[in-house]
Every structure is written in C-alpha cells, then in structure tokens.
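The values are calculated or read from the model by the stated rules, or taken from the named source; none is laboratory data. Note that the structure is a prediction, hence the values are computed from the model and not measured. FYI the Cβ positions are ideal-geometry reconstructions off the backbone, even for glycines, and counts take in every protein chain you see.
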Amino acid sequence: MYWTMLIIAGLFEAGFTFCLGKMKHAAGPAAAWWFAGFLVSLAASMTLLYRAVQVLPVGTAYAVWTGIGAAGTAALGILFFDEPADAWRLFFLAALIGSIAGLKAVSA
C-alpha cells in the first residue's frame, strides 16, 4: 500500500511540473486553472510522500519519488512540449526507470 502511495505521489510530482509548463504558455483564466492544478497536484504529491515515508526508508522513498517525477516530467515534455526524443534521451529515461524498479526490488 505504501509503495502504491509513493508511486502515485511521483505521478502527482510529474503533474505539478506539467501544470507549470502549461502555465508558462497560458494567460488569464486558463493560467489560473493551471495554477490551481499545480497547487492540487503539489499538495497531493507531498501528502502521499509524507504518508509513504512513515513506513518506507526515507532515502529510498525520496529517490523513487524524484525518479518517477523526473521520468514522468521528461515523458510529458516529449509528448506535450515538443522536447527532443533522441536515442540517448530515451536510453537514459529507460535507465532511470530501471533504477527506480531496482530500488523497489531491493527495498523492504
């Protein structure tokens, strides 16, 4: 259950950075909605991370949370912000995801 919370927290981290990217290109009410999405995602991410570290090792949890957020943000950047998707970038994203899975595999 705590691993699930941590994974969802990482996804919300990617969500709040996505909202930041969308806010950059928005104006008026649209910017306000993206800012609201940022705040909701930030609160959800931090709350779930807090709950997960009550049971999981904090170093592992933080690394997994950050890794999921970084990989998710990079993937969203490729999909929605026309960021490059060259072979090296995809290789290192795959390595990051593999490292996250490895941390989970060796953690209690």
Quick one: how many residues across region 71-94 are farther than 19 Å from Glu13 by Cα and either surrounded by fewer than 11 Cβ atoms within 10 Å (Cβ to Cβ) or among the hydroxyl-bearing types (Ser, Thr, Tyr) (or both)?
-> 6
In the set Leu56, Leu6, which member is surrounded by 15 or more Cβ atoms within 10 Å (Cβ to Cβ), in contact (Cβ under 8 Å) with a residue 40 or more places away in the chain and touching a Ser or Thr at 6+ places or on another chain (Cβ under 8 Å)?
-> Leu56
Here is a list of conditions, (1) out of contact with any Pro (no Cβ under 8 Å at 6 or more places or on another chain); (2) modelled with pLDDT of 95 or more, and Lys24 meets all of them except one; can you say which number that is?
-> (2)
Which listed residue, of Thr47, Thr73, is over 19 Å from Thr4 (Cβ atoms), within 16 Å of the chain's Cα centre (by Cα) and at pLDDT 95 or above = Thr73
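Any idea which of Ala70, Ala9 is touching a Leu at 6+ places or on another chain (Cβ under 6 Å), of a type outside the set (Lys, Arg) and under 28 Å from Leu103 (Cα atoms)? Spell out the reasoning first.
Details: Ala70 fails: touching a Leu at 6+ places or on another chain (Cβ under 6 Å).
Of the residues listed, the single one that is touching a Leu at 6+ places or on another chain (Cβ under 6 Å), of a type outside the set (Lys, Arg) and under 28 Å from Leu103 (Cα atoms) is Ala9.
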Taking region 22-32 and keeping residues closer than 18 Å to Phe81 by Cβ and hydrophobic (A, V, I, L, M, F, W, C) leaves Met23, Ala26, Ala27, Ala30, Ala31
Pro84 passes all but one of the listed conditions (1) more than 16 Å from Thr17 (Cβ to Cβ); (2) part of a helix (DSSP H, G or I); (3) not aliphatic (A, V, I, L, M); the exception is number (2)
When (1) of a type in the set (S, T, N, Q); (2) buried (at least 17 other Cβ atoms within 10 Å of the Cβ); (3) out of contact with any Ser or Thr (no Cβ under 7 Å at 6 or more places or on another chain); (4) closer than 22 Å to Gly98 by Cβ are applied to Ser41, the one that fails is (4)
Out of the residues in region 16-54 that are not in a helix (DSSP H, G or I) and not hydrophobic (A, V, I, L, M, F, W, C), which is farthest from Trp65 (Cα to Cα)?
-> Gly28
Confirm whether Ala105 is assigned to a helix (DSSP H, G or I), modelled with pLDDT under 95 and of a type in the set (A, V, I, L, M).
-> yes
With (1) under 30 Å from Ser107 (Cα atoms); (2) modelled with pLDDT of 95 or more; (3) assigned to a helix (DSSP H, G or I) as the list, and Thr60 as the residue in question, which single condition is left unmet?
-> (2)
